[in-house]
Each structure stands twice: as C-alpha cells, then as structure tokens.
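Participant: Shown below is the structure under consideration.
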Amino acid sequence: MAAAGGGDARIEAAFAKVPREDFLGPPPWRVIAGGRLVERPVLDASELYRNVLVVLDRVRGINNGEPALHAAWIGAVRPQPGETVVQVGAGTGYYTAILGELVRPGGRVFGYEFEPDLAGRARRSLAATGDIEIRNEDATRVAIPACDVLYVNAGVAAPPVAWLDALLPGARAIFPWRPSPDVGLAVLLGRRENGIAARALMPSWFIACAGSPPAEAVRVPGPDEAWRVRSIWRTRERAPDGTALAIHSDIWFSSREIER
C-alpha cells in the first residue's frame, strides 16, 4: 500500500486476507523485482508479499502482477460492498479474490479469462466462494454483465462498445490502453450523466488482450498526446471532431473534458 501511494484500510485488509500463494501453484516460484528476473528458486511464501511480479508462464508472457500496481488501480476504481465487478483477464484469480473481498457483503465478481488452463486454476482456487464466477470466454466478443466496476488486466487498443454499454450510472473502469506499440497507459473511466470521462493515470504495459484482433484505427495518438485523453465517445452518438486523439470505427478518444 505504501508503494501504491494509498492508505485505504479496506484495500489493505483485503490484501492481508487473501493468501497469494494459493493462486500461484507449488513452489519454487520465479519472481521479477525491479524489472529484473530473479533466477533463484523462491521457496519461502513470505517472498511473495514483497512488491514482486510472479511468473506464471514465461513463454506466453503471463504473470501475476505487482501488488502495488493493483493496489493503486483498485484504489482508483473504489469497489464498494454490494457492487458488481467485471474483471477481464482474471488469470489464476488472485486479484479476483481481492475484488471479491471488497464487494462483500452483497456484491458479485465476474472474472473473464481467455486461457482455459488459467480459468480452470482460478475456478479451483475460488471454488469456496459463492459470489465469484469465472468465465472461460473472450470478453471482447460477448455481452458482459452490467457493472459498477470494470477492471481490465489485458491491453486493448480501444475498449469494445459493449464494455461501455455495460457501465451502470456512476460506474468506474480501468484498462491498459495500447493504441500503438509505443503507447501504454492505464486509463480510468467514469460514467457520468452526459458522457464517459477518461484520464490517464500511469504508464502500463500489460500483454495484449487475447482472443480478438486489434481494433483498426483511423487515427493513433503519439506517446505525449495520449496523456491528454479526457473522454471517450461512441461514434454513433457524437462524430469525431478536432479534439480527437484516437479514432476507431465505433469509438473515439477525445481531449474534451466532460461537462459537469
């Protein structure tokens, strides 16, 4: 929590309650600290409670991400008891479990994981929970449940329109925006009465969302330009104008602030 720059007691308690080792398979574990792969075997589970990334599948580039990053992202979307969360890219379910802690009592989490083996591991690890459902589906091609929080852990050039349509009034979303190879930003969305506000939070280099082709772009922002994003629009509701930073067939990113 200190590394994330936050002090939310609820999030800290959720991290403290969920055993990370239960979602990583048997030791030894391989960890990445400070961007450098540590090639020594890690057998002591206490090592997993440092701010380290844990390798799940090196060939596919799949990891259990750094806790500080997820603490910051979860703090940005603020899951509350009774809310519905949709997570895209659930992996083996560790951060899914933490999201589940934050929406209890009365909430639900739907975790989408494209890779069958990871989805199976997540289901087994979360079998005792009745309010978390793991779906082995491509979340970019199916209708996701209406939600208060959308938490995306795989890079997309643009969120599918169906994701925006699923956001309930007051909903929050966060996703890794990868409109080009040299742009990688975590973007926070907020559903308002008159549109969807957006802002870039931090650099983010998640692997691409598996299962679907990249969204074709008419306009792609440069690295500096992408930081100016302030809103997202459906093309059918508002045509791209001079504020457009990125343009796709059915969605575009704007530097225009949403009026309050």
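Participant: State all residues of region 2-31 that are basic (Lys, Arg) and either modelled with pLDDT of 95 or more or surrounded by fewer than 13 Cβ atoms within 10 Å (Cβ to Cβ) (or both); if no residue qualifies, say none.
Facilitator: Arg10, Lys17, Arg20
Participant: Let me ask something else. Which ones in region 58-72 are touching a residue at least 12 places away in the same chain (Cβ under 8 Å) and over 16 Å from Ala13 (Cα atoms)?
Facilitator: The answer is Arg58, Arg60, Gly61, Ile62, Asn63, Asn64, Gly65, Glu66, Leu69.
Participant: Go through region 38-123 and tell me which strands (runs of 3 or more DSSP E), entirely inside it, have 1 or more residues that are modelled with pLDDT under 95.
Facilitator: 53-57, 62-64
Participant: I'd like to know if region 134-145 contains one or more residues that are buried (at least 23 other Cβ atoms within 10 Å of the Cβ) and assigned to a loop (DSSP other than H, G, I, E, B).
Facilitator: Yes; the residues of region 134-145 include at least one that is buried (at least 23 other Cβ atoms within 10 Å of the Cβ) and assigned to a loop (DSSP other than H, G, I, E, B).
Participant: Does Ala186 qualify as being surrounded by 20 or more Cβ atoms within 10 Å (Cβ to Cβ), at pLDDT 95 or above and among the small types (Gly, Ala, Ser)?
Facilitator: yes
The values are calculated or read from the model by the stated rules, or taken from the named source; none is laboratory data. Because the structure is predicted, anything quoted here is derived from the model rather than measured. All Cβ positions, even for glycine, are placed from backbone atoms using ideal geometry, and neighbour counts span all protein chains on display.
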